[in-house]
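We did not get these values from a lab; they are worked out from the coordinates using the rules stated. Computed from a prediction, not measured in an experiment: that's the story for all the values here. Every residue, glycine among them, receives a Cβ derived from its backbone with ideal geometry; neighbour counts consider all protein chains shown.
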Amino acid sequence: MALRLIDYGTPEYAQMVNLRNLLLRKPLGLLFNESELEKEKDDILLGCFEDEKLEGCCLLTKVALDTVRLRQMAVISGLQGKGIGKVLMQFAENIARDRGYKKIIMHARKSATGFYEKSGYKKASDEFEEVTIPHFIMEKDL
């Protein structure tokens with residue numbers, strides 16, 4: 001397993017968009033549009049690869065001088081529960097910390113809150129709906 005930063009617009013980025021579409025958007029009847037993806041050019045894009053195949057990904061978006069938002073965490077369905085998400089989360093936290101950020105926030109799907117709580121994230125909001133499903137804001141100080 002290799003953890004890497006992904007450059008916007010590369011073949012690895014195309015794999016990332018495809019994986020996120022497949023796992024996060026398509027099941028909800030949604031697709032990315034070009035303007036959404038265009039905003040990611042300044043984000044920190046992270047991937048977990050086996051050989052050259054992307055198995056998991058996430059991205060970090062700057063929301064304040066000391067805070068990033070974790071977004072679009074996805075791990076191939078058959079590989080969930082094998083530690084890829086945990087390792088990817090630790091990688092994202094280390095990258096954020098190395099770049100001077102003090103806090104990570106996210107809009108976590110209700111179904112994933114247990115996973116994030118195991119990594120030290122706390123709920124910071126009441127339940128709300130986003131992309132047609134229940135979410136919570138979660139956060140962690142780095």
| query | If you check 75, 131, which single one turns out to be on the phi < 0 side of the Ramachandran plot and in contact with a helix residue (DSSP H, G or I) (Cβ under 9 Å, 6 or more places away or on another chain)? | reply | 75
| Selection status of residue 92, of a type in the set (A, V, I, L, M), part of a strand (DSSP E or B), closer than 26 Å to residue 13 by Cβ and within 14 Å of the chain's Cα centre (by Cα) | no
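Conditions tested, residue by residue: (1) more than 24 Å from residue 39 (Cβ to Cβ); (2) of a type in the set (Asp, Glu); (3) loosely packed, with under 12 Cβ neighbours inside 10 Å; (4) over 15 Å from the mean Cα position of the chain (by Cα).
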{"position": "81", "(1), (2), (3), (4)": "yes, no, yes, yes"}
{"position": "87", "(1), (2), (3), (4)": "yes, no, no, no"}
{"position": "96", "(1), (2), (3), (4)": "no, no, no, no"}
{"position": "99", "(1), (2), (3), (4)": "no, no, yes, yes"}
{"position": "102", "(1), (2), (3), (4)": "no, no, no, yes"}
{"position": "119", "(1), (2), (3), (4)": "yes, no, no, no"}
{"position": "127", "(1), (2), (3), (4)": "yes, yes, yes, yes"}
{"position": "140", "(1), (2), (3), (4)": "no, no, no, no"}
| query | With respect to the numbered conditions (1) touching a residue at least 12 places away in the same chain (Cβ under 8 Å); (2) within 20 Å of residue 75 (Cβ to Cβ), which one is the sole condition not fulfilled by residue 141? | reply | (2)
| field | Enumeration of residues in the range 1-52 that are among the hydroxyl-bearing types (Ser, Thr, Tyr) and either touching a residue at least 24 places away in the same chain (Cβ under 8 Å) or in contact with a helix residue (DSSP H, G or I) (Cβ under 7 Å, 6 or more places away or on another chain) (or both) | value | 8, 13
| Answer residue from the range 1-49, given it is among the acidic types (Asp, Glu) and part of a helix (DSSP H, G or I) and is nearest to the chain's Cα centre (by Cα) among those | 40
| query | Of all residues in the range 100-133, which are assigned to a strand (DSSP E or B) and either of a type in the set (Phe, Trp, Tyr) or free of Cβ contacts under 8 Å to residues at least 40 places away in the same chain (or both)? | reply | 103, 106, 107, 108, 109, 122, 123, 128, 129, 130
